[in-house]
Amino acid sequence: MTYPSGRTLSELEHNLAAVQHRIVVACRRVNRDPIEVRLLPVSKTVDEEYLRLAYQAGCRELGENKVQEAQRKAEALADLPDLRWSVIGHLQTNKAKHVARFASEFQALDSLRVAEALQRRLEIEDRTLEVLVQINTSNEPSKFGLAPDEAAAFIHELPTFSRLRVKGLMTLAIFSDDPTRVRPCFVRLRQLRDRLREQLPAGIDMDTLSMGMSGDFELAIEEGATVVRVGQAIFGPRALSDSYYWPDADAGQDKSG
């Protein structure tokens, strides 16, 4: 897929409008209200100067995969106080202190060790953090995330962590241009959410489904996505392949935002 350039204010405004229009059209196909779908611009590899332009174009939240890159940008753009940061990539426990300090959302929770580390650091910072539980709906061994049949037991442990605000689920679909392979990943996440809702612990929400990226977000919307993570369709093509950010991705097949 060829993505448009996103290096000027006018280009970013155009790209954001185009993505929002595609969201509206996808929602209409399945009789959904577009207000139900939140666009999370993914800014990995994008320099701070372009993120300032994106802010001028209307972006008030940004998603990043790598914690150190996200922290550096958050510090550089600290003069934009209403800019919200979402960490959407795998987190090692030794990086939890950074996420607890600056992020508003963490979309890739998949272990109790990480939950414990975040809880400790959030207590120190006196903050709370919205989190999504990552599910491996493609059943690929190289992907992070819980197996769907592990989700219920995991989620029932999370009320222990009072600083975490559990809002729903996240997944990465299989890396493919074939919709018949991609769509089932989104269907599985929605169906899992529906099953989990039947016996949710107190204090746990299951309203958010974060799924779909630049190459497949319309499919995700058709299957119930409430958050779509879109990078290249807004900021333009990346110089680095997806293997830099997602270890399981084939080189040159960048669908991670």
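Would you check if residue 234 is crowded, with 24+ Cβ neighbours inside 10 Å, outside any strand (DSSP E or B), among the β-branched types (Val, Ile, Thr) and modelled with pLDDT of 95 or more?
Yes.
Report, by residue number, each residue of segment 221-231 that is buried (at least 24 other Cβ atoms within 10 Å of the Cβ) and assigned to a helix (DSSP H, G or I).
Within segment 221-231, 221 is the sole residue that qualifies.
Just to check your reading of the model, which residue among 218, 198, 157 is in a helix (DSSP H, G or I), of a type outside the set (A, V, I, L, M) and closer than 26 Å to residue 238 by Cβ?
Values: 198 fails: closer than 26 Å to residue 238 by Cβ; 157 fails: closer than 26 Å to residue 238 by Cβ.
Unique residue meeting the criteria: 218.
Looking at 23, 35 in this structure, which one is without any contact (Cβ under 8 Å) to a residue 12 or more places away in the chain and β-branched (Val, Ile, Thr)?
Values: 23 fails: without any contact (Cβ under 8 Å) to a residue 12 or more places away in the chain.
On inspection, the qualifying residue turns out to be 35.
Suppose we filter 162, 210, 176 for residues that are hydroxyl-bearing (Ser, Thr, Tyr), more than 19 Å from residue 38 (Cβ to Cβ) and surrounded by 14 or more Cβ atoms within 10 Å (Cβ to Cβ); which single one remains?
176
Scan 67, 133, 99 and give me the residue that is over 30 Å from residue 237 (Cβ atoms), under 17 Å from the mean Cα position of the chain (by Cα) and free of Cβ contacts under 8 Å to residues at least 40 places away in the same chain.
Values: 67 fails: over 30 Å from residue 237 (Cβ atoms); 99 fails: over 30 Å from residue 237 (Cβ atoms).
Going through 67, 133, 99 in turn, just one is over 30 Å from residue 237 (Cβ atoms), under 17 Å from the mean Cα position of the chain (by Cα) and free of Cβ contacts under 8 Å to residues at least 40 places away in the same chain: 133.
Which members of segment 5-47 meet the condition of being β-branched (Val, Ile, Thr), outside any loop (DSSP other than H, G, I, E, B) and under 13 Å from residue 218 (Cα atoms)? Working first, answer last.
Our first condition is that a residue be β-branched (Val, Ile, Thr); within segment 5-47, this holds for 8, 19, 23-25, 30, 35, 37, 42, 45-46.
From the residues that got through so far, the ones that are outside any loop (DSSP other than H, G, I, E, B) too are 19, 23-25, 35, 42.
Within segment 5-47, 19, 23, 24, 25 qualify.
Can you name the condition, by its number, that residue 2 falls short on among (1) out of contact with any helix residue (DSSP H, G or I) (no Cβ under 7 Å at 6 or more places or on another chain); (2) of a type outside the set (D, E, K, R); (3) at pLDDT 95 or above; (4) in a loop (DSSP other than H, G, I, E, B)?
Failed condition: (3).
Which residues, counting only those in segment 40-54, are over 16 Å from residue 99 (Cα atoms) and either in contact (Cβ under 8 Å) with a residue 40 or more places away in the chain or in contact with an Asp or Glu (Cβ under 9 Å, 6 or more places away or on another chain) (or both)?
40, 41, 42, 43, 45, 46, 50, 53, 54
The values are calculated or read from the model by the stated rules, or taken from the named source; none is laboratory data. All of these numbers come straight from a predicted model, not from anything done at the bench. Cβ sites come from the backbone with ideal geometry, for glycine too, and all protein chains shown count toward neighbours.
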